Amino acid sequence: MLMHGRKKRWLVKVEENKEFHTHIGIIKIGNVVGKPYGSPIMTSKDKQCWIFQPVPFDYVHKFRRPTQVLYPKDIGLILMMTGIGPGSRVVEAGTGSGALTSVLAYYVRPNGKIFTYEKREDFFEISSENIAKAKVYDCVVQYNQDVMEGIVEKNVDAVVIDLDTPWLVVQTAKHALKDGGYFVSFSPTFNQIEKTVSKLDEENFHDIQTLECFSREIKTKEGATRPNKFISHHTGYLTFARKTATQLIM
Ligand SMILES: C[S@@+](CC[C@H](N)C(=O)[O-])C[C@H]1O[C@@H](n2cnc3c(N)ncnc32)[C@H](O)[C@@H]1O
């Protein structure tokens, strides 16, 4: 990733004879080869850029987004609350633009897997391109399928749902989860949460809680540091629950 100033960032594939044209001049991409991350590189107009290793945020930022995507603050909370990490097996629905898929895949590397279900063919195709762009395809299995028709995987560590009727997926998710595994659902409205929590109770899930996460950027400039005027007020609520075992240990 090449970065200029505080905000401008470009993801560029490094090729020996490539020239990359920007509003601050041309960058000879071949000159990047062999330079460590964090190094500066000059444009033809003598402007300075920095070479950084891209992180999931940088890839998702550049995705084609035909759907609403999950925000970093919400994805961070999912990781923290569920312990999804290297080696985890996670089912996700719907794939949408593949933003959540790509970040989860990044964190379950190298031997974990994200099994993701998307019912719409157009979103399936676009998310597929996005996941490939994020270079995490090895850790993703994609289905162009309605998740309500069933989940193929069994004994998974977590099922993460971002679609409009999560309560209708609770039972299907229960069959796919290992005992103690996590059900997570992201919903923008209270009535969706109520229906989901009621279904989770009915299916004997435990440790049910719903959280909302806030974040706001602070503009930092000496003498003028303050919150950014433009913040995203409302994204949605995250409901977490753990599957309980049916067998009693005496
Ligand atoms: C808000 S988007 C998901 C965005 C995704 N979390 C991301 O970060 O890119 C919701 C997606 O769920 C899909 N969807 C809705 N119902 C579904 C179902 N029953 N099975 C599979 N996908 C479904 C929709 O087509 C849509 O693409």
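When Ser127, Ser97, Ser102 are checked against the criterion of being more than 11 Å from the chain's Cα centre (by Cα), over 25 Å from Val197 (Cβ atoms) and either within 9 Å of the ligand (Cβ to nearest atom) or free of Cβ contacts under 8 Å to residues at least 12 places away in the same chain (or both), a single residue qualifies: Ser127. Among residues of the stretch 53-64 that are of a type in the set (Asp, Glu), those with a beta-carbon under 7 Å from a residue that is open to solvent by less than 40 Å² (accessible area, probe 1.4 Å) at least six positions away or on a different chain give the pairs Asp58/Met1. Taken together, the criteria place Gly98 among residues that are open to solvent by less than 40 Å² (accessible area, probe 1.4 Å) and on the phi > 0 side of the Ramachandran plot. Identification of strands (runs of 3 or more DSSP E) wholly contained in the stretch 28-121 with 1 or more residues that are modelled with pLDDT of 95 or more and closer than 28 Å to Asp157 by Cα yields 89-93, 113-117. Which one is surrounded by the most Cβ atoms within 10 Å (Cβ to Cβ), of the residues in the stretch 108-124 that are in contact with a Pro (Cβ under 8 Å, 6 or more places away or on another chain) and under 11 Å from Val90 (Cα atoms)? The extreme case among them is Val108. Within the option set Leu79, Leu2, Leu11, being surrounded by fewer than 14 Cβ atoms within 10 Å (Cβ to Cβ), in contact (Cβ under 8 Å) with a residue 24 or more places away in the chain and of a type in the set (A, V, I, L, M, F, W, C) holds for one residue only, Leu11.
The values are calculated or read from the model by the stated rules, or taken from the named source; none is laboratory data. This is a predicted model, so every value here is computed, not measured. When we count neighbours, we look across all protein chains shown, and the Cβ atoms used for this are built from the backbone with ideal geometry, even at glycine. The area values use the complete protein model at the heavy-atom level, side chains included, leaving out ligands, DNA and RNA. Shrake-Rupley method; radii C 1.70, N 1.55, O 1.52, S 1.80 Å.
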